[in-house]
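A quick write-up on the structure given underneath.
Every read-out reported here was derived from the displayed coordinates using simple, explicitly stated rules and does not represent laboratory data. All values reported here derive from a predicted model rather than from experimental measurement. FYI the Cβ positions are ideal-geometry reconstructions off the backbone, even for glycines, and counts take in every protein chain you see.
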Amino acid sequence: MGESKVTKEELLEKAKKPAQDALKMHPYYKGKIEIVPKCVIRDVNDFAIWYTPGVAEPCKEIHKNPELAFEYTNRANMVGIVTDGTRVLGLGDIGPLASLPVMEGKALLFKYLGGVDAFPICLDTKDADEFIRTVKLLTPSFGGINLEDIENPKCFYILEKLRAEATIPVWHDDQQGTAAVTLAGLINALKVVKKKIQDVKITMIGIGAANVCITKMIIKAGADPKKFIVVDSKGILNRKRDDIKPTHKEKLEFCQLTNAENRDGGMEEAMKGQDVVIALSKSGPDVIKKEWITAMADEAVVFVCANPIPEIWPWEAKEAGAKVVATGRSDFPNQVNNSVGFPAIFRGTLDVMARTITDEMCIAAAYELAKCAEDKGLREDYLLPTMDEWEVFPREAVAVAKKAMEQGVSRLKFSEKELFKMAETKIKRARDEVAILMEKGIIEPYRE
């Protein structure tokens, strides 16, 4: 008994350390990203090529044929990370300035894991139409746009409008990215417990941007919507609910589409007898009670992914009877982490110059991500690859690119072998750059 207590204390202490280190290391490095040249600079005479007068020639060619911007500039590998800071991690509306460390971190992950150059853009507006207009004005500089940390329901409107009106791929990582990786985790969790996606009863706790998209993507991947139970802050969504605003059209849709038995109540009632619970609600612990997990079906699957603290500590969920437990944290097993999704999804999208990122491209990424973990050997505590398994990212990128070509949304076409080589080369180059900069002392080692 005493040994178990020590283990929990150690885990809690470990959980606090990333925040403590972040406060020391962010000011030490003054942020996380910078812009460095990618072309040769043999001496200052080369600036006549890269800038004036030589640069006028590629400018004239692009003016004649705008598609050449993807060939003559870095546009084909550049993503804008755009936020208004209204829904940042588990912190809520902290504004655009306070969101900048998160957006820099996102850019770092794009580059290191996907070989994608990304730039943070924090907009000082809460007006959705102004946000949309600004993003559209910025699109000539980018090959894709990653929307980040935008409040619900505004995020749905912004994504829908930009996907329809922008000339480059636009996606919202908190929606499509989270959904793709969660689906991958669920695919493998169901293999572990030997249940089929079309048969399982699933409870969704929280109905923010992530869980709306997760629900839709799991249904598109084969789950039965009638077997879903969805819970918001007021209780279970059902056909009796008359308190939902017309602007929350996703909630209204789920009231009709899910919960065939018209179950009523709160989280406790929503979880009873269910095979799976996927929670992205408020930071815990103790948001979900142990006894509610005990009342779930045998071999229950529990995804508790609130940040920074899951809705229940994973060891408590296991003690309560859950067979498989996942969280959003890297310091616990089975992290459901967007970072194993978005860098590769954008890598594949950019490599074929896709015009959009479809749900089917995300589902293809999810199945390849799940297959990568299965190839290595599934276990209760290993559902998904981790960020350090770099070979996963080219595989996932290829799956995305192939689906884009199949759906006719790509500008370019390549063989599977060519796609893999392209993705592998770009990702390896990004990792090697960091290794060399550290080895040479250009990136200094952190010292207390």
Taking a straight Cα-to-Cα line shorter than 25 Å from LYS234, and setting aside same-chain lysines fewer than 8 residues away, one finds LYS154, LYS201, LYS216, LYS226, LYS245, LYS249, LYS251, LYS272, LYS282, LYS289, LYS290
Put in order of increasing Cβ neighbours within 10 Å, starting from the fewest, THR327, THR358 give THR358, THR327
Most exposed to least, judged by fewest other Cβ atoms within 10 Å, ILE41, ILE62, ILE309 sort to ILE41, ILE62, ILE309
Semi-axes (Å, rounded, descending) of the ellipsoid equivalent to segment 113-213 per its C-alpha gyration tensor are 31, 16, 11
One quarter of the C-alpha convex hull surface, i.e. the mean projected area of segment 17-173 in nm², amounts to 11.4 nm²
Rounded to one decimal in nm, the spacing of the 7 Å Cα→Cβ label points at GLU10 and ARG429 is 4.4 nm
Any aspartates and glutamates whose Cα falls less than 12 Å from that of LYS323, other than same-chain ones fewer than 8 residues away, would be ASP275, ASP298, GLU299, GLU380, ASP381
If each K or R counts +1 and each D or E counts -1, the residues other than LYS290 whose Cβ falls under 13 Å of its Cβ total -4
What the 10 Å binned alpha carbon P(r) of segment 177-327 shows, as percent of pairs per bin from 0, is 12, 46, 36, 5, 0
For the pair ASP224 and ASP46, the simple spin-label estimate (label points 7 Å beyond Cα toward Cβ) gives in nm 6.4 nm
Taking every DSSP bridge whose two residues both lie in segment 17-173, the antiparallel percent to the nearest 5 is 5 percent
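Can you give the translational diffusion coefficient of segment 175-226 in µm²/s, computed by Stokes-Einstein from the Kirkwood radius over Cα pairs at 20 °C and 1.002 mPa s?
193 µm²/s
Between GLU57 and LEU89, what FRET efficiency follows from the Cβ-Cβ distance if R0 is 41 Å, with the result rounded to 0.05?
Approximately 0.35, to the nearest 0.05.
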Lys and Arg at +1, Asp and Glu at -1: neighbours of PHE393 with Cβ under 14 Å from its Cβ sum to +2
At 37 °C in a medium of viscosity 0.692 mPa s, segment 73-158 has a Stokes-Einstein diffusion coefficient, with Rh taken as the Kirkwood radius over alpha carbon pairs, in µm² per second, of 253 µm²/s
With x for Gly and Pro, the residue-by-residue ³J(HN,Hα) of segment 310-327, computed from phi through the Karplus equation 6.51 cos²θ - 1.76 cosθ + 1.60 at θ = phi - 60° and given in whole Hz, is x, 4, 8, 4, x, 5, 6, 5, 5, 4, 7, x, 5, 7, 10, 10, 10, 9
So the FRET efficiency between MET438 and TRP315, C-beta based with R0 = 35 Å and rounded to 0.05, is 0.50
The computed P(r) of segment 217-275 puts the percent of Cα pairs beyond 13 Å at 59 percent
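Relative contact order, percent, of segment 17-173 when contacts are C-alpha pairs under 8 Å separated by at least 6 residues?
22 percent
Taking 0.36 nm per residue of separation and subtracting the Cα-Cα distance, what length does fully extending GLU261 through SER233 add? Please list the in-between numbers first.
Values: separation 28, 0.36 × 28 = 10.08 nm, distance 2.02 nm.
Gain on stretching GLU261 to SER233: 8.1 nm.
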Extend 7 Å from the Cα of LYS421 along its Cα-to-C-beta direction; within segment 100-131, residues with backbone N under 20 Å of that point are 115
In this structure, the FRET efficiency calculated for CYS39 and ARG163 from their beta-carbon separation, with R0 = 30 Å, to the nearest 0.05, is 0.35
Here the convex hull volume per residue of segment 312-392, taken over Cα atoms and given in Å³, is 103 Å³
Going from the fewest other Cβ atoms within 10 Å to the most, one would list TYR51, TYR382, TYR112 as TYR51, TYR382, TYR112
The value for the chain (convex hull of the alpha-carbon atoms, volume per residue, Å³) is 160 Å³
Label model pair GLU268, ASP21: point-to-point distance (7 angstrom along the Cα→beta-carbon line) in nm is 4.0 nm
